[in-house]
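Working notes, structure below.
The values are calculated or read from the model by the stated rules, or taken from the named source; none is laboratory data. Bear in mind the structure is a predicted one, so any value in this text is a computation, not a measurement. FYI the Cβ positions are ideal-geometry reconstructions off the backbone, even for glycines, and counts take in every protein chain you see.
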Amino acid sequence: MSALSLADQAKRNAAFAAVDRHVTPEVRVLGVGTGSTVVFAVERLAELKQQGRTHPDLVCVPTSFQSTQLIADAGLRTADLNDLLPLDPTGGCPASIDVTIDGADEVDSELNVIKGGGAAHLREKVVAAASKKLVIIGDHRKDATTLGEKWDQGVPVEVTPIAWRSIKSQIERLTPLSRAPAAAAGPAAAAAAFEFASPVAVLRQAVRKAGPVVTDNGNFVLDVRVGKIFDPAAVEQAIKMIPGVIEVGIFCRMASEAWFGNDDGSIAWRIPQSLVKEQD
Ligand SMILES: O=C[C@H](O)[C@H](O)[C@H](O)COP(=O)(O)O
């Protein structure tokens, strides 16, 4: 294997640690995310499988074309979300996946996450929502206090190609306070949901193909720059309400823990800050 960069080694350390902790022989259904960090998670998964340390009937639910290929190349079985039975047939809990391991573009102190740098956030969010646990892996550059602090490429938004221009202009008309919950209810509600006075939405362009990125679902992606995101749920909701928006790459309160690799080889493990305070 060629020598890894520091960043890749950090990603690999985090991915290996998270897989070792979470992919126990009891895990039968595993969600597999997308991106460069997940490549290392699948590498470790294949090793565990070869060593007979995974469930004999382990199946993996992919989140993209890339993820499907990784799983197949590792000799693991894929499963379609539609073929999995809900764990709670009475409808109380839709989770049929034991745990999902996925990367992120940025993670805040409450483990709200920006995803979709690889345009896979629609399937990733669907799989995360069907999982009992979402575990995020990445290198230390993803570890932030507030979303938008380090990731400056914007929030990925998957949109229908037939209306991308109109969706772009509707997003750009959002104002920091326009969609804050109960904006008229008094001073407490007057906090801005995001930093910029006017968001900027850019149609993501393909590399080595003329024209826009087309997602695995046949849609386009707008990268929406709003600066720092002080209220991720309000921003997610405001954008999601625009007709033609298919999914927003903000995952609010879905992740239960995150593993970040550092350049010195150490790993930082995080849970939401509010839970740390509750435990103090
Ligand atoms: O659409 C892509 C996904 O959300 C990725 O998980 C995210 O972009 C992080 O990818 P990477 O591990 O390559 O930084």
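May I ask you to verify whether Thr63 is closer than 19 Å to Val32 by Cβ, outside the structural domain of Gly244 (by TED's automatic domain parsing) and in contact with a helix residue (DSSP H, G or I) (Cβ under 9 Å, 6 or more places away or on another chain)? Break it down stepwise before answering.
Values: closer than 19 Å to Val32 by Cβ: yes; outside the structural domain of Gly244 (by TED's automatic domain parsing): yes; in contact with a helix residue (DSSP H, G or I) (Cβ under 9 Å, 6 or more places away or on another chain): yes.
Yes: the conditions hold for Thr63.
Need at least 3 residues that are over 30 Å from Gln9 (Cβ atoms) per element, so show me which strands (runs of 3 or more DSSP E) inside segment 183-262 make the cut, counting only ones lying wholly within it. First the steps, then the outcome.
Working: elements: 200-203, 220-225, 245-248, 257-261.
Fully inside segment 183-262 and qualifying: 200-203, 220-225, 245-248.
With respect to being farther than 15 Å from Val157 by Cβ and modelled with pLDDT of 95 or more, Gly227 fits the description. Looking at segment 209-267, which of the residues that are among the small types (Gly, Ala, Ser) and touching an Asp or Glu at 6+ places or on another chain (Cβ under 8 Å) is nearest to the ligand (Cβ to nearest atom)? Across segment 209-267, the extreme among qualifying residues is Gly249. If the condition is being more than 16 Å from the ligand (Cβ to nearest atom) and of a type in the set (Val, Ile, Thr), then segment 141-176 contributes Thr145, Thr146, Thr160, Ile162, Ile167, Ile171, Thr175.
Test Ile137 against the stated conditions and say whether it is under 21 Å from Val59 (Cβ atoms), near the ligand (Cβ under 10 Å from one of its atoms) and among the β-branched types (Val, Ile, Thr). Yes. Among the residues of segment 256-268, at least one is of a type in the set (Val, Ile, Thr) and over 15 Å from the mean Cα position of the chain (by Cα).
Answer yes or no: is there a residue in segment 234-256 that is of a type in the set (Gly, Ala, Ser), over 26 Å from Val127 (Cβ atoms) and either at pLDDT below 95 or surrounded by fewer than 19 Cβ atoms within 10 Å (Cβ to Cβ) (or both).
Step one: of segment 234-256, the residues of a type in the set (Gly, Ala, Ser) are 234, 238, 244, 249, 255-256.
Next, only the ones that are over 26 Å from Val127 (Cβ atoms) stay: none.
No: zero hits.
In summary, Lys228 fulfils each of the numbered conditions (1) within 18 Å of the chain's Cα centre (by Cα); (2) outside the structural domain of Ile137 (by TED's automatic domain parsing); (3) buried (at least 18 other Cβ atoms within 10 Å of the Cβ) with the single exception of condition (3).
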